[in-house]
1. In the range 43-77, how many residues are among the hydrophobic types (A, V, I, L, M, F, W, C) and either over 23 Å from Ile96 (Cβ atoms) or part of a helix (DSSP H, G or I) (or both)?
2. Hey, among Val18, Val26, Val46, Val13, which residue is exposed (fewer than 15 other Cβ atoms within 10 Å of the Cβ) and of a type in the set (A, V, I, L, M, F, W, C)?
3. Could you figure out which of (1) farther than 14 Å from Val13 by Cβ; (2) among the basic types (Lys, Arg); (3) out of contact with any Cys (no Cβ under 7 Å at 6 or more places or on another chain) isn't true of Arg98?
4. Taking the range 102-115 only, how many residues are in contact with a Cys (Cβ under 8 Å, 6 or more places away or on another chain) and not in a loop (DSSP other than H, G, I, E, B)?
5. What are the residues in the range 27-45 that are modelled with pLDDT of 95 or more, aliphatic (A, V, I, L, M) and touching a helix residue (DSSP H, G or I) at 6+ places or on another chain (Cβ under 8 Å), if any?
6. Tell me which residues, restricted to the range 78-100, are assigned to a loop (DSSP other than H, G, I, E, B) and surrounded by fewer than 18 Cβ atoms within 10 Å (Cβ to Cβ).
7. Restricting the search to the range 78-98, which residues are over 11 Å from the mean Cα position of the chain (by Cα), farther than 16 Å from Ile22 by Cβ and of a type outside the set (A, V, I, L, M, F, W, C)?
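The values are calculated or read from the model by the stated rules, or taken from the named source; none is laboratory data. The structure displayed is predicted, hence computed values, not measured ones. Heads up, the Cβs are rebuilt from the backbone with ideal geometry, glycines too, and the neighbour counts pull from every protein chain shown.
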Amino acid sequence: MNEGLWMGHVLVVDDSTVIRKIVRRVLEGMDLEITEASDVRQALAVCSLSMPDAIFVDGSMPTLDGCEFLRRLRRMHGGDGPKAIICLNENDVAQIARGMHAGASDYMMKPFDADHVRAKFAFVGASQSSATSTIPSLANRR
């Protein structure tokens, strides 16, 4: 067990109520505390009150997208701390690079399943079982 990496509070940012509910259920099953936000402005307000340990953010939301959220988050006091997974709609190298450059720690593609969400959060250190993750280590990740 790698308890030094365990994170307790995850912010889930997605304009879809269904996606937020799915991700919430998976992460609560990992004994993580979840806060939800339906848009970037709400998410930034949550972060200004209490910075989460990790973030799941939709890459394509109306008005302000996940990349803009990550850029603003990383400029906030303490905003360099949370591990952030950006969820993208297409497997496009430019879109992936944009998300990673904006401050994502890792990315995942839609559609996804519960095992994929668990594996990604274990990979970034958001679970006590992160040391046994089967996801290969990737260099230069936040």
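1. Residues of the range 43-77 that are among the hydrophobic types (A, V, I, L, M, F, W, C), as a first pass: 43-47, 49, 51, 54-57, 61, 64, 67, 69-70, 73, 76.
With either over 23 Å from Ile96 (Cβ atoms) or part of a helix (DSSP H, G or I) (or both) added as a condition, the list becomes 43-47, 49, 51, 67, 69-70, 73, 76.
Number satisfying all stated conditions: 12.
2. Working: Val26 fails: exposed (fewer than 15 other Cβ atoms within 10 Å of the Cβ); Val46 fails: exposed (fewer than 15 other Cβ atoms within 10 Å of the Cβ); Val13 fails: exposed (fewer than 15 other Cβ atoms within 10 Å of the Cβ).
Sole residue among the options that is exposed (fewer than 15 other Cβ atoms within 10 Å of the Cβ) and of a type in the set (A, V, I, L, M, F, W, C): Val18.
3. Condition (3) is where Arg98 drops out.
4. Within the range 102-115, residues that are in contact with a Cys (Cβ under 8 Å, 6 or more places away or on another chain) and not in a loop (DSSP other than H, G, I, E, B) number 4.
5. Scanning the range 27-45 gives Ile34, Ala37, Val40, Ala43, Leu44.
6. At the first step, the residues of the range 78-100 found to be assigned to a loop (DSSP other than H, G, I, E, B) are 78-82, 89-92.
Residues satisfying the conditions are Gly78, Asp80, Gly81, Asn89, Glu90, Asn91, Asp92.
7. Gly78, Gly79, Asp80, Gly81, Glu90, Asn91, Asp92, Gln95, Arg98
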